[in-house]
Amino acid sequence: MPSIDASGTELHYERAGEGEPLLLIQGMSATHLAWGEPFLEQLRRNFDLIVFDNRGMGLSGRAKLPFTIADLAADTTGLLDALEIETAHVVGISMGGMIAQELAIAHPERIRTLTIGASYCGGPQGTLMAREDLQLLGAAYASGVAEQVFRAMWEINLSPGFREDDSRFAAFTEMGSALPAPQPVVLQQMQACAAHDTHERLSQISLPTLVIHGDVDRLLGYNNGEEIAALIPGARLETLEGIGHMFWWEAPERSAELIREHALAPV
(Lines give C-alpha, C1' and ligand atoms only; values in the text may rest on other atoms or scores of the structure.)
Protein backbone atom coordinates (compact mmCIF):
# COMPACT_ATOMS: atom_id res chain seq x y z
CA MET A 1 0.00 0.00 0.00
CA PRO A 2 1.77 3.20 -1.11
CA SER A 3 2.32 6.15 1.18
CA ILE A 4 4.08 9.39 0.31
CA ASP A 5 5.55 12.38 2.09
CA ALA A 6 3.19 15.27 1.29
CA SER A 7 5.15 18.26 2.58
CA GLY A 8 5.83 16.59 5.91
CA THR A 9 2.56 14.65 6.23
CA GLU A 10 2.56 10.95 5.43
CA LEU A 11 -0.47 10.25 3.25
CA HIS A 12 -1.67 6.88 2.03
CA TYR A 13 -2.91 7.00 -1.55
CA GLU A 14 -4.12 4.69 -4.28
CA ARG A 15 -3.87 5.41 -7.99
CA ALA A 16 -5.40 3.53 -10.92
CA GLY A 17 -6.92 4.08 -14.35
CA GLU A 18 -5.88 6.04 -17.41
CA GLY A 19 -6.63 9.54 -18.63
CA GLU A 20 -6.43 12.98 -17.11
CA PRO A 21 -5.68 13.09 -13.35
CA LEU A 22 -8.76 13.15 -11.10
CA LEU A 23 -8.21 13.64 -7.36
CA LEU A 24 -10.95 12.67 -4.89
CA ILE A 25 -10.97 14.28 -1.41
CA GLN A 26 -12.96 12.50 1.30
CA GLY A 27 -14.93 13.88 4.22
CA MET A 28 -14.96 13.78 8.00
CA SER A 29 -14.16 10.44 9.69
CA ALA A 30 -13.96 8.76 6.26
CA THR A 31 -11.15 6.90 4.50
CA HIS A 32 -10.57 6.06 0.84
CA LEU A 33 -12.83 3.02 1.31
CA ALA A 34 -15.85 5.33 1.77
CA TRP A 35 -15.94 6.02 -1.97
CA GLY A 36 -17.15 2.50 -2.64
CA GLU A 37 -15.99 0.31 -5.48
CA PRO A 38 -19.06 0.87 -7.73
CA PHE A 39 -18.31 4.62 -7.84
CA LEU A 40 -14.55 4.25 -8.28
CA GLU A 41 -14.93 1.64 -11.00
CA GLN A 42 -16.95 4.07 -13.09
CA LEU A 43 -14.30 6.81 -12.85
CA ARG A 44 -11.26 4.60 -13.53
CA ARG A 45 -12.59 4.05 -17.04
CA ASN A 46 -11.85 7.65 -18.00
CA PHE A 47 -9.34 9.04 -15.51
CA ASP A 48 -6.02 8.57 -13.79
CA LEU A 49 -7.83 8.30 -10.48
CA ILE A 50 -6.17 9.22 -7.17
CA VAL A 51 -7.79 8.61 -3.77
CA PHE A 52 -6.14 9.09 -0.39
CA ASP A 53 -6.65 9.16 3.37
CA ASN A 54 -6.54 12.57 5.04
CA ARG A 55 -3.91 13.06 7.74
CA GLY A 56 -4.37 10.77 10.74
CA MET A 57 -7.05 8.69 9.01
CA GLY A 58 -7.05 5.16 7.67
CA LEU A 59 -3.58 4.14 6.49
CA SER A 60 -2.07 7.63 6.55
CA GLY A 61 0.47 8.67 9.17
CA ARG A 62 -0.34 10.20 12.54
CA ALA A 63 -1.84 13.67 12.42
CA LYS A 64 -0.19 16.69 13.94
CA LEU A 65 -2.88 18.41 16.03
CA PRO A 66 -4.52 20.87 15.88
CA PHE A 67 -5.20 21.50 12.21
CA THR A 68 -7.55 23.57 10.05
CA ILE A 69 -9.28 22.97 6.74
CA ALA A 70 -6.60 25.16 5.15
CA ASP A 71 -3.94 22.82 6.61
CA LEU A 72 -5.69 19.85 5.00
CA ALA A 73 -5.75 21.75 1.70
CA ALA A 74 -1.99 22.25 2.05
CA ASP A 75 -1.64 18.48 2.56
CA THR A 76 -3.53 17.97 -0.69
CA THR A 77 -1.24 20.35 -2.55
CA GLY A 78 1.70 18.47 -1.08
CA LEU A 79 0.27 15.21 -2.37
CA LEU A 80 -0.02 16.61 -5.89
CA ASP A 81 3.56 17.87 -5.65
CA ALA A 82 4.87 14.52 -4.41
CA LEU A 83 3.07 12.68 -7.21
CA GLU A 84 4.45 15.23 -9.70
CA ILE A 85 0.94 16.15 -10.86
CA GLU A 86 0.91 19.74 -12.06
CA THR A 87 -2.86 20.01 -12.52
CA ALA A 88 -5.82 17.73 -11.80
CA HIS A 89 -9.57 17.63 -11.82
CA VAL A 90 -10.58 17.88 -8.16
CA VAL A 91 -13.66 16.40 -6.49
CA GLY A 92 -14.29 17.10 -2.79
CA ILE A 93 -17.28 15.90 -0.80
CA SER A 94 -18.50 17.04 2.63
CA MET A 95 -15.36 18.08 4.57
CA GLY A 96 -13.46 17.22 1.40
CA GLY A 97 -15.56 19.84 -0.38
CA MET A 98 -14.40 22.38 2.20
CA ILE A 99 -10.80 21.33 1.55
CA ALA A 100 -11.41 21.69 -2.19
CA GLN A 101 -12.75 25.22 -1.66
CA GLU A 102 -9.60 26.27 0.19
CA LEU A 103 -7.44 24.57 -2.43
CA ALA A 104 -9.25 26.35 -5.27
CA ILE A 105 -8.84 29.74 -3.58
CA ALA A 106 -5.17 29.24 -2.67
CA HIS A 107 -4.00 27.37 -5.77
CA PRO A 108 -6.43 27.71 -8.66
CA GLU A 109 -3.60 27.02 -11.09
CA ARG A 110 -3.46 23.39 -9.86
CA ILE A 111 -7.10 22.64 -10.70
CA ARG A 112 -8.52 21.82 -14.14
CA THR A 113 -12.15 21.53 -13.02
CA LEU A 114 -13.74 21.63 -9.57
CA THR A 115 -16.60 19.53 -8.22
CA ILE A 116 -17.96 20.21 -4.73
CA GLY A 117 -20.43 17.71 -3.33
CA ALA A 118 -22.64 17.77 -0.22
CA SER A 119 -20.52 20.48 1.39
CA TYR A 120 -20.64 23.75 3.34
CA CYS A 121 -19.05 27.21 3.09
CA GLY A 122 -19.94 28.85 6.40
CA GLY A 123 -21.44 32.34 6.45
CA PRO A 124 -24.81 33.47 7.80
CA GLN A 125 -26.80 31.08 5.60
CA GLY A 126 -24.67 27.98 6.14
CA THR A 127 -26.08 25.19 8.30
CA LEU A 128 -24.35 22.23 9.92
CA MET A 129 -25.90 19.07 11.33
CA ALA A 130 -29.17 19.60 13.21
CA ARG A 131 -28.93 19.49 17.01
CA GLU A 132 -31.11 16.39 17.25
CA ASP A 133 -28.90 14.50 14.81
CA LEU A 134 -25.78 15.59 16.67
CA GLN A 135 -27.37 14.29 19.86
CA LEU A 136 -28.27 11.02 18.14
CA LEU A 137 -24.71 10.52 17.00
CA GLY A 138 -23.26 11.61 20.35
CA ALA A 139 -25.45 9.15 22.23
CA ALA A 140 -24.41 6.38 19.86
CA TYR A 141 -20.71 7.08 20.42
CA ALA A 142 -21.25 7.36 24.19
CA SER A 143 -22.85 3.91 24.23
CA GLY A 144 -19.63 2.30 23.08
CA VAL A 145 -21.69 -0.12 20.98
CA ALA A 146 -20.41 -0.29 17.40
CA GLU A 147 -23.77 -1.39 16.01
CA GLN A 148 -25.46 1.67 17.52
CA VAL A 149 -22.80 3.99 16.08
CA PHE A 150 -23.16 2.59 12.59
CA ARG A 151 -26.96 2.69 12.79
CA ALA A 152 -26.83 6.39 13.69
CA MET A 153 -24.39 7.12 10.86
CA TRP A 154 -26.53 5.06 8.48
CA GLU A 155 -29.64 7.07 9.39
CA ILE A 156 -27.97 10.49 9.14
CA ASN A 157 -25.93 9.88 5.96
CA LEU A 158 -28.36 7.97 3.75
CA SER A 159 -31.84 8.80 2.48
CA PRO A 160 -34.98 7.04 3.76
CA GLY A 161 -35.50 5.52 0.32
CA PHE A 162 -32.04 3.97 0.26
CA ARG A 163 -32.36 2.69 3.83
CA GLU A 164 -35.59 0.85 3.03
CA ASP A 165 -33.42 -2.02 1.79
CA ASP A 166 -31.74 -2.93 5.06
CA SER A 167 -29.54 -5.51 3.34
CA ARG A 168 -27.39 -2.53 2.25
CA PHE A 169 -26.44 -1.86 5.86
CA ALA A 170 -23.90 -4.70 5.91
CA ALA A 171 -21.73 -3.13 3.20
CA PHE A 172 -21.96 0.25 4.93
CA THR A 173 -20.81 -1.27 8.24
CA GLU A 174 -18.00 -3.20 6.58
CA MET A 175 -16.71 0.00 4.94
CA GLY A 176 -16.92 2.01 8.16
CA SER A 177 -15.18 -0.54 10.36
CA ALA A 178 -12.40 -1.64 7.99
CA LEU A 179 -9.90 1.10 8.84
CA PRO A 180 -9.22 3.14 11.98
CA ALA A 181 -10.82 6.52 12.62
CA PRO A 182 -8.96 7.83 15.70
CA GLN A 183 -11.35 9.79 17.92
CA PRO A 184 -8.95 12.73 18.57
CA VAL A 185 -8.51 13.20 14.82
CA VAL A 186 -12.24 13.01 14.13
CA LEU A 187 -12.94 15.53 16.91
CA GLN A 188 -10.35 17.86 15.40
CA GLN A 189 -11.98 17.41 11.98
CA MET A 190 -15.30 18.43 13.54
CA GLN A 191 -13.73 21.56 14.99
CA ALA A 192 -12.07 22.38 11.69
CA CYS A 193 -15.38 22.02 9.84
CA ALA A 194 -17.18 24.22 12.38
CA ALA A 195 -14.54 26.94 11.90
CA HIS A 196 -14.55 26.69 8.10
CA ASP A 197 -15.74 29.86 6.37
CA THR A 198 -15.12 30.62 2.71
CA HIS A 199 -18.41 32.47 2.28
CA GLU A 200 -16.78 35.82 1.52
CA ARG A 201 -14.06 34.30 -0.67
CA LEU A 202 -15.87 31.92 -3.01
CA SER A 203 -16.35 34.73 -5.53
CA GLN A 204 -12.59 34.50 -6.14
CA ILE A 205 -13.02 31.09 -7.78
CA SER A 206 -13.13 31.30 -11.56
CA LEU A 207 -12.75 27.58 -12.30
CA PRO A 208 -15.36 25.46 -14.10
CA THR A 209 -17.35 24.36 -11.06
CA LEU A 210 -20.04 21.75 -10.51
CA VAL A 211 -21.93 21.55 -7.21
CA ILE A 212 -23.76 18.29 -6.44
CA HIS A 213 -26.16 17.99 -3.51
CA GLY A 214 -28.93 15.59 -2.53
CA ASP A 215 -32.15 17.33 -1.57
CA VAL A 216 -32.73 15.16 1.52
CA ASP A 217 -29.20 15.57 2.93
CA ARG A 218 -29.53 15.56 6.76
CA LEU A 219 -25.87 16.09 7.56
CA LEU A 220 -25.23 19.24 5.49
CA GLY A 221 -28.62 20.42 4.24
CA TYR A 222 -29.42 21.13 0.61
CA ASN A 223 -29.41 24.89 1.24
CA ASN A 224 -25.62 24.66 1.60
CA GLY A 225 -25.27 23.42 -1.96
CA GLU A 226 -27.51 26.22 -3.20
CA GLU A 227 -25.39 28.76 -1.34
CA ILE A 228 -22.07 27.48 -2.70
CA ALA A 229 -23.37 27.41 -6.27
CA ALA A 230 -24.73 30.94 -5.93
CA LEU A 231 -21.44 32.31 -4.63
CA ILE A 232 -19.06 30.78 -7.19
CA PRO A 233 -19.35 32.65 -10.50
CA GLY A 234 -20.69 30.40 -13.25
CA ALA A 235 -21.09 27.34 -11.00
CA ARG A 236 -23.76 24.80 -11.91
CA LEU A 237 -25.88 23.12 -9.23
CA GLU A 238 -26.98 19.55 -9.85
CA THR A 239 -29.79 18.48 -7.50
CA LEU A 240 -30.17 14.77 -6.78
CA GLU A 241 -33.79 14.27 -5.80
CA GLY A 242 -34.53 11.92 -2.93
CA ILE A 243 -30.81 11.41 -2.25
CA GLY A 244 -29.04 11.90 1.08
CA HIS A 245 -25.59 13.07 2.12
CA MET A 246 -23.58 10.17 0.69
CA PHE A 247 -24.88 10.68 -2.83
CA TRP A 248 -21.93 8.84 -4.45
CA TRP A 249 -22.77 5.77 -2.33
CA GLU A 250 -26.49 5.88 -3.08
CA ALA A 251 -26.19 6.73 -6.78
CA PRO A 252 -22.67 5.77 -7.90
CA GLU A 253 -23.34 5.59 -11.62
CA ARG A 254 -25.21 8.90 -11.80
CA SER A 255 -22.64 10.63 -9.58
CA ALA A 256 -19.73 9.39 -11.69
CA GLU A 257 -21.54 10.39 -14.87
CA LEU A 258 -22.01 13.96 -13.63
CA ILE A 259 -18.34 14.25 -12.66
CA ARG A 260 -17.16 12.71 -15.93
CA GLU A 261 -19.31 15.00 -18.09
CA HIS A 262 -18.17 18.06 -16.14
CA ALA A 263 -14.47 17.20 -16.22
CA LEU A 264 -14.37 16.19 -19.87
CA ALA A 265 -16.63 18.94 -21.23
CA PRO A 266 -15.05 20.97 -24.05
CA VAL A 267 -13.53 24.20 -22.83
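The values are calculated or read from the model by the stated rules, or taken from the named source; none is laboratory data. Everything numeric here is computed off the predicted structure, so don't read it as measured data. In this analysis, Cβ positions are derived from the backbone assuming ideal geometry, glycine residues included, and neighbour counts consider all displayed protein chains. The protein model used for the area step is the full one, side chains on, heavy atoms only, and it has no ligands, DNA or RNA in it. Shrake-Rupley method; radii C 1.70, N 1.55, O 1.52, S 1.80 Å.
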**OP:** Show the residues, 5+ positions off or on another chain, whose built amide H is closer than 5 Å to the amide H of ARG218.
**Re:** HIS245
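Let me check against my output: what whole-number percent is the relative contact order of the range 78-187, with C-alpha pairs under 8 Å and at least 6 apart?
Values: 79 pairs, mean separation 18.1, N = 110.
Relative contact order here is 16 percent.
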Subject >> Descending semi-axes in whole angstrom, ellipsoid equivalent of the range 5-107, from the Cα gyration tensor >> reply: 20, 15, 13
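Counting other Cβ atoms within 10 Å, keep those with at most 11, restrict to DSSP loop, and tell me which GluC sites (Glu not before Pro) in the range 46-136 are left. Walk me through the numbers before you get to the answer.
Values: sites: GLU84, GLU86, GLU102, GLU109, GLU132; in loops: GLU84, GLU86.
Of the GluC sites (Glu not before Pro), the ones in loops of the range 46-136 whose Cβ has at most 11 other Cβ atoms within 10 Å are GLU84, GLU86.
What relative contact order, as a whole-number percentage, does the chain give when Cα pairs under 8 Å and 6 or more residues apart are counted?
22
Send over a whole-number figure in Å² for the accessible area per residue of the chain, probe 1.4 Å.
On the way: 11530 Å² over 267 residues.
Each residue of the chain exposes 43 Å² on average to a 1.4 Å probe.
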**OP:** Take every DSSP beta bridge with both residues inside the chain and express the antiparallel ones as a percent of the total, to the nearest 5.
**Re:** 25
Original post:
Dimensions of the range 12-70 along principal axes (Cα, Å, largest first)?
Top reply: 38, 20, 17
Original post:
Quick one: Karplus J couplings for the range 104-112, per residue in order, coefficients 6.51, -1.76, 1.60, θ = phi - 60°, nearest Hz, x for Gly and Pro?
Top reply: 5, 6, 7, 9, x, 5, 8, 10, 7
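Arrange the peptides 227-235, 164-172 so that the one whose residues have, on average, the most other Cβ atoms within 10 Å appears first.
Highest to lowest by the protection proxy: 227-235, 164-172.
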Subject >> Cα centroid separation - the range 82-145 against the range 216-244, whole Å >> reply: 13
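Helix-only mean residue ellipticity at 222 nm, the chain, DSSP H runs n ≥ 4 weighted -39,500 (n - 2.57), per residue, nearest 500. What is it?
Working: 11 runs with 111 residues, N = 267.
That comes out to -12000 deg cm²/dmol.
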Original post:
Can you give the Rg to Rh ratio of the range 91-154, both from alpha-carbon atoms, with Rh computed by the Kirkwood formula?
Top reply: 1.15
**OP:** Report in % the part of the accessible area of the range 71-165 that belongs to carbon and sulfur, leaving out ligands and nucleic acids; probe 1.4 Å.
**Re:** 51
Subject >> Simple label model, 7 Å out from Cα along Cβ direction - THR87 to MET190, nm >> reply: 4.0
Original post:
Under a 5 Å amide H to amide H cut-off, with H placed in plane at 1.01 Å, what residues pair with VAL211 once short-range neighbours are removed?
Top reply: ILE116, ARG236, LEU237, GLU238
**OP:** Enumerate the whole-percent occupancy of each 5 Å bin, from 0 to the last occupied one, for all C-alpha pair distances of the range 118-267.
**Re:** 2, 9, 15, 19, 20, 16, 11, 6, 2, 0, 0
**OP:** Identify, among LEU128, VAL145, PHE169, the residue whose Cα sits farthest towards the positive end of the charge dipole of the range 120-179, taking +1 on the Cβ of Lys and Arg and -1 on the Cβ of Asp and Glu, with the dipole about the Cα centre.
**Re:** LEU128
Original post:
How large is the Kirkwood hydrodynamic radius of the range 49-196, in angstrom, based on all distinct alpha carbon pairs?
Top reply: 16.9
Subject >> For GLY61, distant residues with modelled amide H under 5 Å away >> reply: GLU10, LEU11, HIS12, GLY56
Original post:
Across the range 161-173, in residue order, what do the Karplus-derived ³J(HN,Hα) couplings come to in whole Hz, using 6.51 cos²θ - 1.76 cosθ + 1.60 with θ = phi - 60° and x for Gly and Pro?
Top reply: x, 5, 6, 4, 8, 5, 5, 6, 5, 4, 5, 4, 5
Subject >> Hz values of 3J(HN,Hα) by residue in the range 12-26 - Karplus curve (6.51, -1.76, 1.60), Gly and Pro given as x >> reply: 7, 9, 9, 9, 7, x, 9, x, 6, x, 10, 9, 9, 10, 7
Original post:
With r defined as the distance between the Cβ atoms of GLU41 and ILE105 and R0 fixed at 30 Å, what FRET efficiency is calculated, to the nearest 0.05?
Top reply: 0.40
